[in-house]
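Asks: Before I ask anything, here is the structure I am working with.
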Amino acid sequence: MSELLTPDLCVIGAGTGGLVVAAGAGQLGADTVLIESHRMGGDCLNTGCVPSKSLLAAAHAANGHRRAAAFGLVQAPPLIDFAKVQAHLRGVIAAIAPNDSEERFTGLGVTVLRRHGRFTGPGEVAVGETRIRARRFVVASGSTAFIPPVAGLSALPYFTNETIFDIDRLPEHLLIMGGGPIGCELAQAFRRLGARVSVVEMLEIMPKDDPELVEVVRQALLADGIELFERHTVVATAGAGTKITMEIEKDGTRRRLEGSHLLLAAGRRPRVHDMGLESAGIGHSDKGIQVDARLRTTNRRVYAVGDVVGGPQFTHLAAYHAGIVIRNALFRLPARADLSALPWVTFTDPELAHVGLSEKAARAHGPIRLLRWPLAENDRAQAEHLHRGFIKIVTNARGRILGADIVGPSAGEMIHFWALAVSQKMKIGAVAAMIAPYPTLAEIGKRAAGNYYLPKLFGERTKRLVRFLARFG
């Protein structure tokens with residue numbers, strides 16, 4: 001016998017976006033239903049940010065062991081116990097999982113349904129025998145790994161980011177198809193844990209970032225011993241026994257790579273299929289659900305958040321989307337998403353972080369100033385042998401901060417301030433005038449900001465003024 005639920009809000013998907021919406025709505029007293037057919041916490045907790053950064057932490061620790069000789073600490077190379085590395089990953093997931101658990105959300109007053117849900121009409125979702133007619137709906141179904149149409153691939157055993165963290169042994173030679181952030185992060189992680197790694201990218205690695213900063217990351221990956229095949233197309237793949245072969249091509253020349261394991265990191269696609277979106281009148285394509293600035297779909301009773309709307313795919317963006325939807329759906333406020341100060345970080349070593357307009361994008365808007373400062377001229381970096389990297393700040397001609405890029409250790413921590421500066425339309429003078437604690441890596445930002453005034457401060461006009469004032473004692 002079917003059951004009918006009539007909540008204020010129905011959320012489909014228990015990844016970051018869906019969980020933040022459901023938690024906020026539940027704590028605000030709204031009658032809320034949360035639908036999840038797979039694992040609570042979604043990709044971020046189970047197959048994305050949490051396990052990948054846990055693996056990277058182990059890899060960076062191993063590399064720290066290797067570079068200890070620079071500080072006068074002589075020791076043998078690290079011995080990698082991959083089973084214990086995997087246990088570390090599982091332990092981190094288990095420690096965070098209670099925050100995303102069904103029990104927690106039930107405790108917040110949210111009704112959690114652990115089955116697949118799909119729209120049966122503009123105002124109804126079916127979950128098994130249960131029908132849900134809510135005032136508002138939120139689709140937060142996330143994304144899934146894109147499987148490129150390469151000859152022979154369907155017959156091969158391969159990993160994606162959704163399965164690579166369940167690998168039972170360290171690969172002898174990991175072939176990675178895709179040189180974006182996921183591909184580069186995992187390439188470095190597995191290489192530093194002892195695997196041979198080859199990355200094939202049809203463009204340049206990390207193509208969405210500033211090429212000047214990407215070059216620093218590229219040289220670091222090469223120094224680690226990672227084989228990079230940029231501007232190469234994968235023509236075909238095949239397998240024989242325990243070996244996987246990949247035929248690649250560049251400028252008409254073909255070569256063959258042979259490895260033990262294959263990881264697909266060629267991007268992600270929004271989950272829009274088998275959800276009944278057509279029945280609900282929700283416009284969508286393979287690129288995602290169509291939404292306006294308020295994150296409303298073409299069905300005004302339905303919102304969509306996170307990866308499923310297409311565009312940038314970040315956990316922190318999904319959480320931001322959730323806040324926009326809560327203000328719209330529960331408080332009836334006309335809140336609009338603004339991504340002009342959206343930061344992102346690639347967690348390679350060195351890290352690469354960005355916010356605001358890039359140099360190329362800023363030049364399209366008019367005259368700009370570029371301000372740089374290298375880590376090699378930072379005292380803290382010298383003390384810790386962290387010389388690779390720099391900061392680049394983009395301002396307009398009047399000194400307003402338009403964007404910032406940082407490549408170096410802890411770039412992801414340093415970008416926070418610049419995200420605030422861009423979002424609040426700060427001017428570079430505020431940064432140049434602040435007192436920065438010494439010695440810190442983030443001091444490179446203040447030093448770069450000071451460069452804005454150097455041409456005038458030490459120019460001939462200023463020198464004449466100083467000489468004139470000196471006459472009066």
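Asks: Please compute the per residue accessible area over the stretch 406-473 with all protein chains in place, 1.4 Å probe, rounded to a whole number of Å².
Replies: Normalised by residue count, the accessible surface of the stretch 406-473 is 65 Å².
Asks: Given the C-alpha centroids of the stretch 282-312 and the stretch 396-473, what is the distance between them in whole angstrom?
Replies: 40
Asks: Let me ask something else. What is the distance in Å between the Cα centroid of the stretch 123-163 and that of the stretch 180-221?
Replies: Centre-to-centre distance over Cα atoms comes out at 27 Å.
Asks: Please name which of F314, I406, L370 has its Cα lying farthest along the dipole of the chain towards the positive end, using unit charges on Cβ (Lys, Arg +1; Asp, Glu -1) and the Cα centre as origin.
Replies: With unit charges placed on the Cβ atoms, the residue in question is L370.
Asks: Treat each spin label as a single point 7 Å out from the Cα along the C-beta direction, and report the K456 to R256 distance in nm.
Replies: 6.6
Asks: OK, next. With a 1.4 Å probe and every protein chain left in place, work out the accessible area per residue of the stretch 58-161 in Å², rounded to a whole number.
Replies: 54
Asks: So with the 1.4 Å probe, I'd like the accessible area per residue for the stretch 182-274, rounded to whole Å².
Replies: Roughly 44 Å² per residue, with all protein chains present.
Asks: Related question: Measure off, as a whole percent, the carbon and sulfur share of the 1.4 Å-probe accessible area of the chain, all protein chains present.
Replies: C and S fraction of accessible area: 55 percent.
Asks: Using the Karplus curve 6.51 cos²θ - 1.76 cosθ + 1.60 with θ = phi - 60°, work out ³J(HN,Hα) for each residue of the stretch 164-180 in order, rounded to whole Hz, and write x for Gly and Pro.
Replies: So the Karplus estimates, Gly and Pro as x, are 4, 7, 9, 4, 8, 8, 5, x, 6, 9, 8, 8, 10, 9, x, x, x Hz.
Asks: Check which residues have an amide H placed less than 5 Å from V138's amide H, if you skip close sequence neighbours.
Replies: C10, V11, I12, Y303
Asks: How large is Rg over Rh for the stretch 372-473, taking Rg from the Cα atoms and Rh as the Kirkwood inverse mean of 1/r across Cα pairs?
Replies: When Rh is taken as the Kirkwood radius, the ratio is 1.07.
Asks: On a full-extension model of 0.36 nm per residue, what is the gain between A70 and E172, subtracting their alpha-carbon distance, rounded to one decimal in nm?
Replies: Gain on stretching A70 to E172: 33.9 nm.
Asks: Along the charge dipole of the chain, which of P78, A30, L339 sits closest to the positive end, that is, farthest toward it, with unit charges on the beta carbon of Lys, Arg, Asp and Glu (+1, +1, -1, -1)?
Replies: In the chain, that residue is L339.
Asks: I'd like to compare 422-435, 336-349, 179-192: which one has the highest average count of other Cβ atoms within 10 Å, and what's the full order after that?
Replies: Packing order, densest peptide first, comes out as 179-192, 336-349, 422-435.
Asks: Note down the nm distance, to one decimal, between modelled labels 7 Å out along Cα→Cβ at E212 and at H38.
Replies: Each label point lies 7 Å from its Cα, and together they span 3.9 nm.
Asks: Moving on. About the Cα centre of the chain, how large is the charge dipole given +1 on each Lys and Arg Cβ and -1 on each Asp and Glu Cβ? Please answer in debye to the nearest 20.
Replies: Rounded to the nearest 20 debye, it is 2000 debye.
Asks: How do 317-325, 364-372, 133-141 rank on mean C-beta neighbours within 10 Å, highest first?
Replies: In descending order of packing, they fall as 133-141, 317-325, 364-372.
Asks: Next up: Relative to the compact globular guide of 2.2 N^0.38 Å, what is the alpha carbon radius of gyration of the chain, as a ratio?
Replies: 1.11
Asks: Here's a follow-up. Show which lysines lie in cross-link reach of K463 when reach means a straight Cα distance below 27 angstrom and same-chain residues fewer than eight apart are skipped.
Replies: Here the lysines satisfying the reach criterion relative to K463 are K427, K446.
Asks: Right, another one. Could I have the simple spin-label model distance between L370 and A57, label points 7 Å from Cα toward Cβ, reported in nm to one decimal?
Replies: 3.7
Asks: Moving on. Mean residue ellipticity at 222 nm from the helices of the chain, using -39,500 (n - 2.57) per DSSP H segment of n ≥ 4 over the full residue count, to the nearest 500 deg cm²/dmol?
Replies: When only DSSP H runs of four or more count, the value is -9000 deg cm²/dmol.
Asks: Moving to a separate point now. Find how much the distance from K84 to D379 grows on full extension, using 0.36 nm per residue of separation minus their present alpha carbon separation; answer in nm with one decimal.
Replies: Contour length minus Cα-Cα distance gives 102.6 nm.
Asks: What are the ³J(HN,Hα) couplings of the stretch 371-383, residue after residue, when phi is run through the Karplus curve with 6.51, -1.76, 1.60 and θ = phi - 60°? Round to Hz, x for glycine and proline.
Replies: These are the phi-based 3J(HN,Hα) values: 10, 10, 8, x, 5, 4, 9, 10, 5, 5, 4, 4, 5 Hz.
Asks: Here's something else I'd like to know. If you average 1/r over every pair of different alpha-carbon atoms in the stretch 1-157 and take one over that average, what Kirkwood value in Å do you get?
Replies: Answer for the stretch 1-157: a Kirkwood hydrodynamic radius of 18.5 Å.
Asks: Going out from 0 in 10 Å bins, what whole percent of all Cα-Cα distances in the stretch 414-473 drops into each bin?
Replies: Over the stretch 414-473, the share of Cα pairs per 10 Å bin runs 19, 37, 25, 15, 4 percent.
Asks: How do the peptides 106-114, 251-259, 165-173 rank, highest first, by the average count of neighbouring beta carbon atoms within 10 Å per residue?
Replies: 106-114, 165-173, 251-259
The values are calculated or read from the model by the stated rules, or taken from the named source; none is laboratory data. As the structure is a prediction and not an experimental result, all values here were calculated from the model. Backbone-built Cβ (ideal geometry, glycine too); neighbour counts: all protein chains shown. Note: accessible area is taken over every heavy atom of the protein model, side chains too, but ligands, DNA and RNA are not part of it. Shrake-Rupley method; radii C 1.70, N 1.55, O 1.52, S 1.80 Å.
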